[in-house]
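Working notes, beginning with the structure itself.
The values are calculated or read from the model by the stated rules, or taken from the named source; none is laboratory data. Note that this is a predicted model, so its numbers are computed, not measured. Methodologically, a virtual Cβ is constructed for each residue, glycine included, from the backbone with ideal geometry; neighbour enumeration extends over all protein chains shown. Only protein heavy atoms, including side chains, enter the accessible area calculation; ligands, DNA and RNA are left aside. Shrake-Rupley method; radii C 1.70, N 1.55, O 1.52, S 1.80 Å.
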Amino acid sequence: MRNASFPVAQIFRPNLCFVDKAGEQIVRNSPVLTSHADTRSFYPEPLGYRLKRLFLGKPYVSEQLRGERLNNPTALGVLAPDCISSSSYGAEQILTQLTPVIGLAAFSLLVPIMYVILGVLILVTLSYLDVIGAYSVMGGSYIVTRDNFGPKTAQITAVALLIDYIVTVAVQCSAGTAALTSAFPSLLPYTLTITVCVILLQIYANLRGIKEAGAFFAFPTYFFATMMTITIVVGFYKHFAGTLPILPVPSHELLVGGQLGTGGHGFLYGVAFITLLRAYANGGSSLTGLEAISDAVSGFRRPEARNARKVMVVMALLLSFLLVGTTMLATWTHALPYEAGSPTVVSQEVGAVFGAQGFGHAVFLMVQIATVLILYTGGNTAFNGFPFLANFVAIDKYLPRQLTKRGHRLAFSTGIIWLGASALALVIIFDARVNALISLYAIGVFTAFTMAGFGMARRHYRRRGKAWRLGMTVSGLSGFTCLVVALIFGVVKFGEGAWVVVVAAPFMIAGLLYLNRQYVREEEAFGASGGSSALATSHNRIVIFVDQYDLATERALAYCNSLNPYSVRAIHFDIDPAVTRELEARWGRKGTASAAIPLEVMECEDRRVDRAALEVVSDMVRDPKVFAMVILPRRGFRSRIQRLLHDRTADTIATAVVNVPRTAATIVPYRMAPVHHDRITPDTTDTLSDSITRGGVREETHFAADDKLEARANEIGAVDIGALKLRENAQIAGRVKSVTVERAESGQTFTCQIADASGSIKLVFQGRSAIPGVERGVRLLIKGTVTSFHREAVILNPEYEIVGGVGGDEE
C-alpha cells in the first residue's frame, strides 16, 4: 500500500473554492448532486438481457481477466488432456487399418509403427521447446508463423489450427462416448445423442465463462494417468508372470471392415505399402494437443519459459509412456477394433488385465470413467484455444471483428458458438464414429507443426544467436518430418474423408485473405480523409419530417428551435388527406413550438416516404457550403407489444438520408409510460420536468482490493458518494472509473472520475498531467470539499490515499 498516511497531493483551501451560478441553482433545486441515475425507472433491462443473465449468470467484469497464474502441476493437468487423452485411441487407430488386411499379424507391426510415431513426438517436442523459449505470449504456431513469414502466410497455420480445433471437439467427444458405451453397452444406440448433448453442454459451460485453470480441469488428467499407469504396470506384471490372457477373436462381422484378414509372408506380412502408410497416418493422431503448452506460456508462473518447458517435457514423457504401454498391452492381449467403435481397444485391455468379475470389474469401470472424463475434457480444451486463435486472427484483420469481442462472462462468445456449431455438424454428419472422424484429424495439427518448425528454423537462421545451427537443424527437421506426415495423411486418407480438409482449406485461406483486403480497403478509404475531415460548410439547414402533431412532434420542434439554425423546414408528405388536414388544423397554434415554423406539405405520389425524404435532403445540400441536419420525431415505447403496433418510419428515413453527403440524421424520441388498465398515457415526469430519478444503485463486483477499501473507509468514516452535498467537506472511498488530461494555454489539469455503488464525482488536480499510481481501476480514499463547475460536482485538488490496485493488486 502506498500513501497510507493520507499524504496530500495539493491541500484544498476553502478560499480557493469556486461555485458558479449554475452550481448555486443546483444546490437550491437538488441537494443530491452525485447520486447515480436510476436507469431502471426509464429503461428497464431488456428481456433478452434478463434471459441471458438467467441462463449464464451474473456478468463478469473486465478486471476479472487478471487471473491467477498456473503452477506446474496444475498447468499439466489443465493443458494436457487433449494430448494425453489421445493415448486412449492411438493404438486402436493403427489397428483399424491393419487388421482387415493381415488379421492378427497386425500386432507384429503395431509396435514398430508406434516407435516411429514416438520418433516424430521427440522431434516435435524439441521444436516446441524451442518455441516456448522464444515466444512467451499466447498464440503458439500462429504467432511463430506470423513473426517469421508474415501475416498472409500465417493464415495457412490459422486455417490448419481452426480446422484442428473443430475436429478435436468432434473426435474427443465421440471417443469419450465410445469409452462410455464400452462400460455401459446398453447406451450404444444413443451414441450420437449423448455426443451431441455433451457438446451442447460444453458450449453452455464455456459461454458461462468456466476457467481453464483449476483443480476441476486438472483432476481428469491425473485420474486418467493414475488409472492407466496401474493398468499398464499390472498388465506388464501379468504378462511376464504368464497370467495375462489373450482375448478370444469375436465374430468377424463385428470387427472393422466386417472381416479379419490373413497375414502373408515377408517382412511386412503381405501388407501393401499404402496400407502401412494409412496405419502410420492414423497413429499420428496420437500427437495432437502437443501445441497446448506453447499456446499458454504467458499463463505460467515466473519464470514462464522455464516452467512451461518443464511441463512440456513431462507431458511428452507421460504421453510416450501411455502410448507404449497401451500398444504393448494390445499386442499381448490381441484386442481388436470393432466397427461400432465400442468396446474400444483400451477397454478390452483393461478387461483382460483386471477381469470382468468382482473387484476387477470395479477397477474396469473406474478406468473407463477416467477415460471418459479425460476425453470429454480434452474436447473442451479446444473451446479455450479456438476462440483465442480466432481473436488473434481477427485482430490481424483476417476474420470478422466480432470475434475480438468478449461476451457476458468475458469469454469470446462468438468464437465459442462458431466452434460448437461446426463440431456439432461434423458429429452429426459422421454419426459420432471415431473411425470415420479420424480421417479429418491430424492434417491440421501436423500442418501447424510444420509451420512452427520451419518458422523457428528461419528465426534461428536470421538471428544467428547462440547454438543457432543446432536450433535450425532440429526445428527444420521437425518441420520437414511433420510436412511428410501431413502429406501422407492427405494422400492416403483422401478418399476416406480427408478430402474435406484438403479441399476446404484453400477456400478458407482465400476467404481470410479476401476479408483482409476488405478491411485494408476500408481503412485506406477512411484514413485518406483523415487530414481533411473538417467541414467547409458555412450554412446549417434543418429539416424536420412530421407525420402527425403529437407530443413527440412538439418535442422535436422545440429541439429544432434550440439549435439556432440558418433555416428550419417542417415537411409533411401528403399520403392520407385526412391526416394532412388534421395536421394543418393543429399546426401553428399559439404557445406551441410550431408557432415559429411554417408547415410545408409535399406530395408523395408513390408513397415511398424514405425515397421522398432522400430527394428533399439531396436538393438541400446542392450547395457545397450547406450542411443539412434531419430531425425525426419518434414515439418511444417500453413494451415490445406497443412497438409492434407502429412502423419504424423514422428509422427508415434515417437509414436513407445518412447516405447523402454533408448530412446528419437525429431521431428525437418521446417516451410513453407502460400500459395500465388498457390505457397508454404519456410519462408525466418527462412531460413536466424532464427530470431523472436519482438514487440508483449500481451493481459492483468485489475483489480483495474492494474489501480492503471498505475496511479503510469504515476506519475513517467515509460517506457514500451519492449522499454528498455542495460545500461539504467529506471523506469518500471509491474506484477510479476514468482519467483525463486536459491541456490548455493556462496549464495542464489531471481529472478522474471516482465512483462507488451510490454515485460518482470528478476529482480535479490542477497543474498536474499525471498522478503516480492513479489509473483506471485503482481504489482511492479521498478527502476534500465538494464544489460545482459547469453544473457538475467536483472536488478540487483533494487529499488522496491509494488503497488497492487494479485487480486487487497492491500498489
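The table below gives the values:
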read-out: Checklist (1) farther than 20 Å from residue 157 by Cβ; (2) open to solvent by less than 70 Å² (accessible area, probe 1.4 Å); (3) among the aromatic types (Phe, Trp, Tyr) applied to residue 519, failing item; value: (1)
read-out: Residue identified as of a type outside the set (Lys, Arg) and in contact with a Phe, Trp or Tyr (Cβ under 9 Å, 6 or more places away or on another chain) among 156, 122; value: 156
read-out: Any hit, the range 443-459, residues being open to solvent by 60 Å² or more (accessible area, probe 1.4 Å), under 23 Å from residue 155 (Cβ atoms) and either touching a Leu at 6+ places or on another chain (Cβ under 9 Å) or basic (Lys, Arg) (or both); value: yes
read-out: Test result for residue 801, on the phi < 0 side of the Ramachandran plot and modelled with pLDDT under 85; value: no
read-out: Test result for residue 191, surrounded by fewer than 24 Cβ atoms within 10 Å (Cβ to Cβ), touching an Asp or Glu at 6+ places or on another chain (Cβ under 9 Å), under 28 Å from residue 350 (Cβ atoms) and not basic (Lys, Arg); value: yes
read-out: Failed criterion for residue 601 (all others in (1) modelled with pLDDT of 90 or more; (2) in contact with an Asp or Glu (Cβ under 9 Å, 6 or more places away or on another chain); (3) of a type outside the set (D, E, K, R); (4) under 19 Å from residue 668 (Cα atoms) hold); value: (4)
read-out: Residue ID - farthest from the chain's Cα centre (by Cα), chosen from residues in the range 160-202 that are assigned to a helix (DSSP H, G or I) and free of Cβ contacts under 8 Å to residues at least 12 places away in the same chain; value: 186
read-out: Pairs, first free of Cβ contacts under 8 Å to residues at least 24 places away in the same chain in the range 80-108, second open to solvent by 10 Å² or more (accessible area, probe 1.4 Å) and of a type in the set (Gly, Ala, Ser), C-beta under 6 Å, six or more apart; value: none
read-out: Per-region count, the range 437-452, residues in a loop (DSSP other than H, G, I, E, B) and among the aromatic types (Phe, Trp, Tyr); value: 1
read-out: Hits in the range 620-648 (condition: at pLDDT below 75 and either open to solvent by 70 Å² or more (accessible area, probe 1.4 Å) or within 24 Å of residue 559 (Cα to Cα) (or both)); value: 636, 637, 638, 640, 641, 643, 644, 645, 646, 647
read-out: Considering residues of the range 453-498 that are in a helix (DSSP H, G or I) and of a type in the set (Lys, Arg) only, the residue farthest from the chain's Cα centre (by Cα); value: 469
read-out: Residue among 489, 480 that alone is more than 26 Å from residue 396 (Cβ to Cβ) and buried (at least 23 other Cβ atoms within 10 Å of the Cβ); value: 489
read-out: Failed item in (1) within 30 Å of residue 414 (Cα to Cα); (2) of a type in the set (Val, Ile, Thr); (3) more than 31 Å from the chain's Cα centre (by Cα), with residue 113 passing the rest; value: (1)
read-out: Residue match in the range 204-212 (condition: modelled with pLDDT of 85 or more and open to solvent by 40 Å² or more (accessible area, probe 1.4 Å)); value: yes
read-out: Elements of type strands (runs of 3 or more DSSP E) contained in the range 750-803, each with 3 or more residues being open to solvent by 20 Å² or more (accessible area, probe 1.4 Å); value: 760-766
read-out: Residue list for the range 564-573, filter: surrounded by 13 or more Cβ atoms within 10 Å (Cβ to Cβ) and either touching a Lys or Arg at 6+ places or on another chain (Cβ under 9 Å) or at pLDDT below 90 (or both); value: 565, 568, 569, 573
read-out: Neighbours by Cβ (under 7 Å, 6+ apart or cross-chain): first from the range 281-304, assigned to a helix (DSSP H, G or I); second open to solvent by 30 Å² or more (accessible area, probe 1.4 Å) and basic (Lys, Arg); value: 299/69
read-out: Any hit, the range 574-582, residues being farther than 19 Å from residue 667 by Cα, open to solvent by 60 Å² or more (accessible area, probe 1.4 Å), in contact (Cβ under 8 Å) with a residue 12 or more places away in the chain and polar (S, T, N, Q); value: no
read-out: Residue satisfying all of: in the range 241-259; more than 46 Å from the chain's Cα centre (by Cα) and hydrophobic (A, V, I, L, M, F, W, C); least open to solvent (accessible area, probe 1.4 Å) among these; value: 244
